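Heads up, the thing below is written out as structure tokens.
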């Protein structure tokens, strides 16, 4: 069995999983509606909050180490499928999926470009750019 990437920031992991699962189809797609039916829970599909069961699914999801090399760009966009599967009506107006912690970068040597949800943390952009990553706010 292959090792999985030990993420420290759940939101960084979610951004990576968006790329691997929905953009590159390298992980099985998660559908909140199907998962809820399989697991026998209901959720408020009108709420902007994260569905706890969906968050727990992604926290537990193992991302194989060998997929790290497939990550060359990360684009955090409020319309990303993963955000809508976790929080069906999330409007991007809060910090639910913000990334401010970048220790996980160490796992992604091929990452060249990152578009981040706006946090105002200019130091983060400077640090990313210093590592040779094209970084900007959405």
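Throughout, read-outs are computed from the coordinates displayed, never taken from laboratory work. Since the structure is predicted, the reported quantities are computational estimates derived from the model, not experimental observations. Virtual Cβ from ideal backbone geometry, glycine too; neighbours counted across all protein chains shown.
General observations
- Overall form of the chain per C-alpha gyration tensor (a/c, 1.5; a/b vs b/c): oblate
- Cβ-derived FRET efficiency at R0 25 Å, residue 91 paired with residue 123, nearest 0.05: 0.40
- The calculated 222 nm mean residue ellipticity attributable to helices in the chain amounts to -8000 deg cm²/dmol, summing -39500 (n - 2.57) over DSSP H runs of n ≥ 4 and dividing by all residues.
- P(r) tail, region 78-138: Cα-Cα pairs separated by more than 13 Å, 64% of all pairs.
- Shape analysis of region 16-59 yields a ratio of the Cα radius of gyration to the Kirkwood radius, Rg/Rh, of 0.99.
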